[in-house]
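Following: one structure in structure tokens, then a few remarks.
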Amino acid sequence: MEESPRSGPLHVIREGDCAVLKRNEVYKAVAVGKRRKITFEKQWFYLDNAIGHVYGTTFEVTSGGTLQAKKRADESATETKKAGTDNRNIVDDGKSQKLTHDDIKALKDKGIKGQEIVQQLIENSATFSNKTEFAQDKYIKKKKKKYEAVITIIKPSTRILSTMYYAREPGKINHLRYDTLAQMLTWGNVRAGNKMIIMETCAGLVLGAAMERMGGYGSIIQMYPGGGAVRAATSCFGFPASFFQKLYEFPLSKVGSLLSGTFFVKPSPSETEGSTAPAEESNGSLDERQPSIQGGDMECSTDLVAETDPPDEQETVELPADGEALEEDKAKGTAHEKQQKQERRRKKLTEAAALLNDRDADGLIVASRFHPAPLLLSLLEFVAPSRPFVIYCQYKEPLLECYTKLRERGGVVNLKLSETWLRNYQVLPDRSHPKLTMSGGGGYLLTGITVIHENPKTEDCSEQRTEEPAAKKRKLQEPPST
């Protein structure tokens, strides 16, 4: 009997996966590994016993930091007592609970679980029966949070990771809320098979959301400032290696030279030494070569000469000690790996430049802490006509400036500046209401669609309109034909 897709390997916790731990409304992304100590919400444990279970399983932390899967029979509600009418006669003097801190510690030492400890607290509370039903539920929930070490392991997703970052570190994602991110993916037409340009400084959250929606089909060019792209949130998704094969990165500092046609990639040392393989090129300007040889190139050429020496000469060379040989082999291996890594990065950079030079991107998404106007005006040159673009900013004024400049520049239609608003609701019997704590704002979005400039055609039309009156005047001056 074949197993269903949901019970397949993709939905089972495996060693090396990226998972998200959930306890109440608190999330934490971790890497699953054996004998790896995890600290979460003042609890430490190991994820060894979680391997092999399905995502979404709830575990209870037992003694020694081991996880034990919680059965559905254990999730029964804690027994309550008959509720009182109101709380007017309840005084919080600290004497209503008969169990002391030492008594609770003794219960834990005996191996009593958190749910049984909560039940003991209820039975030894002098004021619990006088509380209302709502107050009793609140008391039970508070004690469970303190004494029940229950953790749920779930599979990472855009919604979960955006909620986690927004709740814990909103500054790292420019206060980008998950409903705003969902609108960005919709307005940007992110789908499988597209070629997307993404410029973001949100720790890789927008990039990861686009990769998840595209499913490994299509290509993404990530524009980054500084020395390298930041993908901390992207790594939390746990994408397979195939997703990164069509992910390219290109520095913002090279956009100007790419637009002007002066961009070139420095050839590798093996290419400068006269190898037969041609250099990777992104445009015609890459034909330039730099014949200067660096110190590292001299070392590589020396190694090549040593490999081609005759056997007789090699036998006369004094062999170093075992320790020196081992260190030398390690140094050569490290240098070789470093050179291969540089060649792979150089090749990826060349491919990214070639993709941008096609100027047929299917969409543009910008969510940066920098001013969006210069980024937008330069990156729009790589987007094909009749394609959408989305710009996110935490404040409205920079997007208003972008709106004005785009109107003056032309080449775009359907410009729209919008603000997203979200309110969370608590939905419970007889107490459904908006939550007291809610975010003040979700930022602003500037959306639009690119079109082809029609400047040459409008000039031709204006010339025709200026010539028409003169032609009519000449026609009136001619005598009528008989």
Pull up segment 224-246, narrow it to residues that are farther than 22 Å from Arg159 by Cα and either basic (Lys, Arg) or within 14 Å of the chain's Cα centre (by Cα) (or both), then point me to the one that is surrounded by the most Cβ atoms within 10 Å (Cβ to Cβ). Tyr224
With respect to Met184, is the statement that it is within 17 Å of Leu364 (Cβ to Cβ), assigned to a helix (DSSP H, G or I), touching a Leu at 6+ places or on another chain (Cβ under 9 Å) and hydrophobic (A, V, I, L, M, F, W, C) true? yes
Taking the stated definitions as given, is Ser386 modelled with pLDDT of 85 or more and within 29 Å of the chain's Cα centre (by Cα)? yes
Residue satisfying all of: in segment 403-428; buried (at least 16 other Cβ atoms within 10 Å of the Cβ) and in contact (Cβ under 8 Å) with a residue 40 or more places away in the chain; nearest to the chain's Cα centre (by Cα) among these: Thr420
Checking Val230, Val265, Val190 in turn, the sole residue that is among the β-branched types (Val, Ile, Thr) and at pLDDT below 85 turns out to be Val265
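Out of all the residues in segment 170-181, which are part of a helix (DSSP H, G or I) and polar (S, T, N, Q)? Spell out how you get there, then give the answer.
Applying the first criterion (part of a helix (DSSP H, G or I)) to segment 170-181 yields 170-173, 178-181.
Within segment 170-181, Thr180 is the sole residue that qualifies.
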Any residue in segment 375-383 that is touching a residue at least 40 places away in the same chain (Cβ under 8 Å), of a type in the set (S, T, N, Q) and within 22 Å of Met223 (Cβ to Cβ)? yes
Complete set of residues in segment 373-402 that are surrounded by 17 or more Cβ atoms within 10 Å (Cβ to Cβ) and out of contact with any Gly (no Cβ under 9 Å at 6 or more places or on another chain): Ala373, Leu375, Leu376, Leu379, Phe382, Pro398, Leu399, Cys402
Answer from Ser129, Ser125 - the residue that is over 29 Å from Leu21 (Cβ atoms), touching a strand residue (DSSP E or B) at 6+ places or on another chain (Cβ under 6 Å) and either buried (at least 19 other Cβ atoms within 10 Å of the Cβ) or assigned by TED's automatic domain parsing to the domain that holds Cys18 (or both): Ser125
Considering only residues that are within 18 Å of Ile154 (Cα to Cα) and in a loop (DSSP other than H, G, I, E, B), which ones fall in segment 37-47? Glu41, Leu47
Which numbered condition in (1) of a type outside the set (Phe, Trp, Tyr); (2) modelled with pLDDT under 85; (3) surrounded by fewer than 16 Cβ atoms within 10 Å (Cβ to Cβ) is the only one that Gly56 fails? (2)
Picking from Asn424, Asn455, the residue that is closer than 30 Å to Asn189 by Cβ, out of contact with any helix residue (DSSP H, G or I) (no Cβ under 8 Å at 6 or more places or on another chain) and at pLDDT 85 or above would be Asn424
What are the residues in segment 132-167 that are of a type outside the set (Ser, Thr, Tyr), touching a residue at least 60 places away in the same chain (Cβ under 8 Å) and farther than 30 Å from Lys105 by Cα, if any? Ile154, Lys155, Pro156, Ile160, Leu161, Met164, Ala167
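The values are calculated or read from the model by the stated rules, or taken from the named source; none is laboratory data. Remember, it's a predicted structure, so these values are computed and weren't measured experimentally. Using ideal geometry, Cβ is built from the backbone for each residue, glycine included, and neighbour counts are taken over all protein chains shown.
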